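The values are calculated or read from the model by the stated rules, or taken from the named source; none is laboratory data. For clarity, every value in this text was computed on a predicted model and none was experimentally measured. Using ideal geometry, Cβ is built from the backbone for each residue, glycine included, and neighbour counts are taken over all protein chains shown.
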Amino acid sequence: MTSGTVTAPQSAPAKPQRAHLSDRARAERNLGFKLVAPALIVMVAVTAYPLISTVVLSLQRADLRFPDANKFIGLSNYGAVLRAPVWWQVVWHTVIITVVSVSIQFVLGMLLALAMHRMIFARGTLRAIALVPYAIVAVVAAYSWNYAWSLTSGWIPKLLGLSSDPLSHPFGSYVAIIVTEVWKNTPFMALLLLAGLALVPDELLEAAKVDGANAWQRFIRITVPLMKPAILVALLFRTLDAFRIFDTIYIFNQGANGTESISMLNYSTLLDRLNLGLGSAVSVLLFVFVGIIAFVFIKGFGAGSGPIGESS
Amino acid sequence: MTLNWYVFPEPSGSFATAAANCSKASNGAYQIKINFLSNSSDQQRISLVRRLAAGDSSIDILAMDVDWTAEFADAKWIRPWTGTNAAAVSKGVLPGPLKTATWNGRLYAAPINSNTQLLWYRKDLVPHPPKTWNQMIDDAIQLAKEGKPHYIEEQGAKYEGLTVWFNSLVNSAGGQILSPTNKILVDHTSETAAKIMKRLADSPAADPALNVAMEGSSETNWEHGIAAFQINYPFVWSAAKADSPSVFKHMGYAPFPSVTPGVAPRVSIGGYNLGVSTHSKHPQLAFQAIRCLVQPANQARDAIKGGLAPVLASIYNQPSFEKAYPFHALIKAQLERYGLRPQTPAYADVTLAIQDTLSPTSSIDPSSVVSTLRGDIKNALSSQALL
């Protein structure tokens, strides 16, 4: 799982060495290429082809309902998307949900990981239990939370003594969506962070303890820097996932009350309105956003963090 | 020859009986195979159009929601009905349902069942059902003051039901959203409609779940006994009878409330029409099969067994139907004096624009609704703007 982010910084220093390859090394490398070729071809077929085809579609007026009107229109679809107020609204909605839910997941996930790491008995069982929310099918989880939040059938409004349906106004909807996302994804975050905690040698912590560092100092100065690669991977995965949020919102209220996300807009443009051109433009822009997030994370977090290379 | 019929899941088995009987009567000319789609009309459309756009020849007969006719016809996914076939399936059909199957002056499908919303009320709380929307809201506010169940169950979630509600109000106020040639006709009647929706949303008459209410959840809330009124389709009658006898005992029905006092309402028509796919390999057999499926005997059984409102006027006078459908006269009257949602090939865009403007109902600004709707619907009709 981590290989994608791990190889990137490594490949850069490898380049200058290429000229000095021995015959044997070159032959081995060629064999290596041949061995990965089948996988590469499959990858190209299943990922590159749809990607290119989406980009091509996004440059066309392509609407399943008006087949006679199909034609190449250059960047008009992108213009229509970027000029639409609704686009910037859904970007904003998505950013709010992503930032808030991932931050909470990170804090809770870290606490959960620390607890699981220090657990003395029944480690495996308790870890398995903590993973249950993540193991539940996303749509099923969304439905059960939807019932929990609804005024007539749910336990949450009863518990909080609410008189109005939390899902019928924006604030309540955001709280409900974020709580659901946090519940569902914190275990995954915790699991990735737990892997990072395992990288921290106990001797270092003990040495620091001897030097008089308190628990907080040990955590901030030793544990966190050493598990930076794991934190990077965990935050990156969760941010990318959260940014594409769809199922919870779709089940809760189909994007009503100002909760429409980019993926919801993408879905309605492509599948309800059947406007493949415009919908593809939204897809490409979503892809660009995801690319930017990944780039910022790897550049911002990854640069200068030695253990990334070592950890592989 | 197998004919594939794609249709919403019909739970009573009446469609299956019709398919079997028609297949038998064809003397081996065709065998109708039913393929059930999902429950939600949006999902049915998505499943169908994906196949139709890809030229899938395995669909012969498709059940289309009344809103889809223009879209499917202009995209050339369905074949027009002509000659004796057209005459056979339009004979005796109520005017509203027939209109939904017609686009640009041509018949594109055979109506099989219709639907219209009525006012359901609690006879123990409301001695005389209100005649207008404002009266109904006043009655509910009065009940609220008395501390009695008072909610008005209406569908305010951001989905097709919101468009149905708004369109019924606009049509009842004497207006229209789009002309048959797709000119935008949004005017003061839209403001009148928006005012009513806003008034309900802001009053104690509104169920707190109004902004997430759909047909099913409205009915569930009604069965809990927290409401005095419900605007919904006739399925609620048998549902309440089965699930909540204590509420059903007091359940009354009345015409959909008017917008203007003394002027009968025009309520948005629902229901389904049967079309023949362009890519069908056996179109002539498919036309024949549909002619059989919509025959009076089948429609009567669909109604009595399955609760689907017939489109043939004659069935409304059959004694067995009158017994199963005590409110048959109200339905017939509302299908004769009907409201129509906009007929346009860009319907999916137009309805989205309407829902965007009106959701959530409590945030409606009646004074700006006309200009917002005009702008949004113009964008929607171009089918090239992000909505």
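Some observations on this one:
- Apart from one condition, B:Ala144 fits all of (1) within 14 Å of chain A (Cβ to nearest Cβ); (2) not polar (S, T, N, Q); (3) not in a helix (DSSP H, G or I); the exception is (3).
- Scanning region B:355-387 for residues that are in a helix (DSSP H, G or I), within 17 Å of B:Lys158 (Cα to Cα) and more than 13 Å from every other protein chain (Cβ to nearest Cβ) turns up B:Val369, B:Leu373, B:Ile377.
Every residue, every condition in (1) of a type in the set (D, E, K, R); (2) more than 23 Å from the chain's Cα centre (by Cα), yes or no:
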| residue | (1), (2) |
| --- | --- |
| A:Pro201 | no, yes |
| A:Asp241 | yes, no |
| A:Asp247 | yes, no |
| A:Gln254 | no, no |
| A:Gly258 | no, no |
| A:Phe297 | no, no |
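- Cβ pairs under 6 Å, 6+ apart, first in region B:49-73 and over 21 Å from B:Glu10 (Cβ atoms), second in a helix (DSSP H, G or I): B:Glu71/B:Tyr347
Yes or no, residue by residue, for (1) assigned to a helix (DSSP H, G or I); (2) in contact (Cβ under 8 Å) with a residue 60 or more places away in the chain:
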position: A:Val100; (1), (2): yes, yes
position: A:Ile104; (1), (2): yes, yes
position: A:Phe121; (1), (2): no, no
position: A:Ile129; (1), (2): yes, no
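- Residue in region A:270-280 that is within 11 Å of chain B (Cβ to nearest Cβ) and more than 23 Å from B:Ser40 (Cα to Cα) present: yes
- Checking the stated criteria, A:Ala84 turns out to be surrounded by fewer than 19 Cβ atoms within 10 Å (Cβ to Cβ) and within 13 Å of chain B (Cβ to nearest Cβ).
- Note on region A:131-163: among residues that are of a type in the set (Gly, Ala, Ser) and within 10 Å of another protein chain (Cβ to nearest Cβ), the one that is surrounded by the most Cβ atoms within 10 Å (Cβ to Cβ) is A:Ser150.
- Leading residue by the ranking (surrounded by the fewest Cβ atoms within 10 Å (Cβ to Cβ)) among those in region B:79-103 that are free of Cβ contacts under 8 Å to residues at least 40 places away in the same chain and part of a loop (DSSP other than H, G, I, E, B): B:Lys91
- Of the listed requirements (1) over 21 Å from the mean Cα position of the chain (by Cα); (2) buried (at least 24 other Cβ atoms within 10 Å of the Cβ); (3) of a type in the set (Val, Ile, Thr), B:Val126 misses just one: (2).
- Residue check, B:Ala240 within 14 Å of chain A (Cβ to nearest Cβ), over 19 Å from B:Tyr159 (Cβ atoms), surrounded by 17 or more Cβ atoms within 10 Å (Cβ to Cβ) and hydrophobic (A, V, I, L, M, F, W, C): no
- The set of residues in region A:58-75 that are at pLDDT 95 or above and assigned to a helix (DSSP H, G or I) contains only A:Ser58.
- Sole exception among (1) closer than 25 Å to B:Thr102 by Cβ; (2) away from chain A (no Cβ under 14 Å) for B:Tyr325, by number: (1)
- The set of residues in region B:317-326 that are in contact (Cβ under 8 Å) with a residue 24 or more places away in the chain and either part of a helix (DSSP H, G or I) or buried (at least 18 other Cβ atoms within 10 Å of the Cβ) (or both) contains only B:Tyr325.
- In region B:63-72, the residues that are surrounded by 24 or more Cβ atoms within 10 Å (Cβ to Cβ) and either at the interface with chain A (Cβ under 10 Å from one of its Cβ atoms) or outside any strand (DSSP E or B) (or both): B:Val66, B:Asp67, B:Trp68, B:Thr69, B:Glu71, B:Phe72
- When A:Ala141, A:Ala208, A:Ala148 are screened for being farther than 30 Å from B:Ser218 by Cβ and aliphatic (A, V, I, L, M), only A:Ala208 passes.
- Hits in region B:329-376 - residues which are over 18 Å from B:Lys195 (Cα atoms), surrounded by 19 or more Cβ atoms within 10 Å (Cβ to Cβ) and more than 21 Å from the chain's Cα centre (by Cα): B:Asp376
- Residue match in region B:298-316 (condition: within 14 Å of chain A (Cβ to nearest Cβ) and in contact with a strand residue (DSSP E or B) (Cβ under 8 Å, 6 or more places away or on another chain)): no
- Residue, farthest from the other protein chains (Cβ to nearest Cβ), within region B:210-230, restricted to residues that are surrounded by fewer than 24 Cβ atoms within 10 Å (Cβ to Cβ) and hydrophobic (A, V, I, L, M, F, W, C): B:Met214
- For region B:339-350, taking the residues that are facing chain A (nearest Cβ under 9 Å) and in contact (Cβ under 8 Å) with a residue 60 or more places away in the chain, the one that is farthest from A:Pro85 (Cα to Cα) is identified as B:Pro345.
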